[in-house]
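As structure tokens, the structure follows; a few thoughts come after it.
The values are calculated or read from the model by the stated rules, or taken from the named source; none is laboratory data. If you're wondering where the values come from, they're calculated on a predicted model, not measured in any experiment. Please note: Cβ atoms are built from the backbone with ideal geometry, for glycine as well, and neighbour counts cover all protein chains shown. Heavy atoms of the whole protein, side chains included, go into the accessibility calculation; ligands, DNA and RNA do not. Shrake-Rupley method; radii C 1.70, N 1.55, O 1.52, S 1.80 Å.
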Amino acid sequence: MGAPTAIRKTVVPAAADLTSKTNETVTNTDRINPEEEEDEIMIDTTSAKPILETEDSTANEEKKNLKKPAAGIVLDAAGKPKFQSEAASSMKVKLESRKVAIPPHRMSPLKNNWIKIYPALVKQLKLQVRMNLRTRNVELRTCKSTQDPGALQKGADFIHAFALGFDLDDAIALLRLDDLYIETFEIQDVKSLHGDHLSRAIGRIAGKDGRTKFAIENATRTRIVLADSKVHILGGFSHIKMAREAVMSLILGSPPGKVYGNLRTMASRLKERY
């Protein structure tokens with residue numbers, strides 16, 4: 001019977017050790033300073049208030065920033081942004097220059113009509129203009145008083161139209177109207193003609209004393225210039241198309257009477273439109 005008693009003897013001291021250890025832990029916890037417990041448990045309320053205040057302030061600032069429009073944008077009653085028109089806004093035009101070459105046979109008409117040419121460019125488009133006799137160019141340049149960004153292009157088109165052979169009054173129309181264009185093509189692009197055949201085609205386009213050309217111009221409301229084998233047409237987009245078809249039919253050899261009949265129908269259609 002020695003073995004069971006031996007086991008009991010070994011178990012009892014182990015339980016006693018456990019109880020002693022638990023008692024030690026209890027006594028150790030009892031020995032803790034109560035002030036230290038309060039320091040660990042208590043929350044500093046003074047440090048919490050500024051955090052909440054800063055969070056509220058940042059949230060309010062974000063809301064204000066969302067409500068406020070960006071600088072330079074004006075909102076209407078519905079809250080939609082209003083933008084100024086391009087003409088009303090103070091838009092600066094870049095300082096640019098352009099040269100337009102003048103053919104030798106158009107230099108004398110340019111000199112004779114220069115008094116009428118430069119006022120339209122200087123007063124209306126606010127450009128700086130110079131006629132360079134040495135290089136045979138007309139030089140255009142924008143300045144501080146130039147307001148229209150497309151003024152330089154309009155001025156170049158005006159000088160180019162005059163250089164092609166159009167009348168001064170017809171060329172000035174390019175400055176006043178926005179839907180005018182110039183189209184150029186050669187007779188050989190329509191049909192390859194050489195020698196007398198080419199000269200007869202040019203004669204059919206012009207007509208006797210220029211009557212055929214004038215009839216096409218009046219019927220289609222365009223202006224036509226015959227410069228050797230080149231044909232220049234000035235007018236609106238749809239009007240240029242009608243005039244080009246009439247000139248091409250004359251080049252291909254159709255009789256002028258048939259072209260006149262087509263021009264009458266074109267003129268009646270234009271009268272109905274306008």
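Is the stretch 210-222 home to any residue that is out of contact with any Ser or Thr (no Cβ under 9 Å at 6 or more places or on another chain), open to solvent by 100 Å² or more (accessible area, probe 1.4 Å) and under 20 Å from ALA163 (Cα atoms)? No, there is no match, as no residue in the stretch 210-222 is out of contact with any Ser or Thr (no Cβ under 9 Å at 6 or more places or on another chain), open to solvent by 100 Å² or more (accessible area, probe 1.4 Å) and under 20 Å from ALA163 (Cα atoms). Going through (1) over 21 Å from GLY165 (Cα atoms); (2) touching a helix residue (DSSP H, G or I) at 6+ places or on another chain (Cβ under 7 Å); (3) surrounded by fewer than 18 Cβ atoms within 10 Å (Cβ to Cβ) one by one, GLY207 falls short only on (1).
Does ALA163 fit the bill of being surrounded by fewer than 21 Cβ atoms within 10 Å (Cβ to Cβ), assigned by the TED database to the domain that holds ARG106 and in contact (Cβ under 8 Å) with a residue 60 or more places away in the chain? So ALA163 passes the test.
When every residue of the stretch 249-265 is checked against the conditions, none turns out to be under 38 Å from the mean Cα position of the chain (by Cα) and surrounded by 14 or more Cβ atoms within 10 Å (Cβ to Cβ).
Yes/no matrix, rows are residues, columns are (1) polar (S, T, N, Q); (2) open to solvent by 40 Å² or more (accessible area, probe 1.4 Å); (3) over 15 Å from ASP157 (Cα atoms):
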| site | (1), (2), (3) |
| --- | --- |
| ARG98 | no, yes, no |
| PRO119 | no, no, yes |
| LYS126 | no, yes, yes |
| LEU133 | no, yes, yes |
| GLU139 | no, no, no |
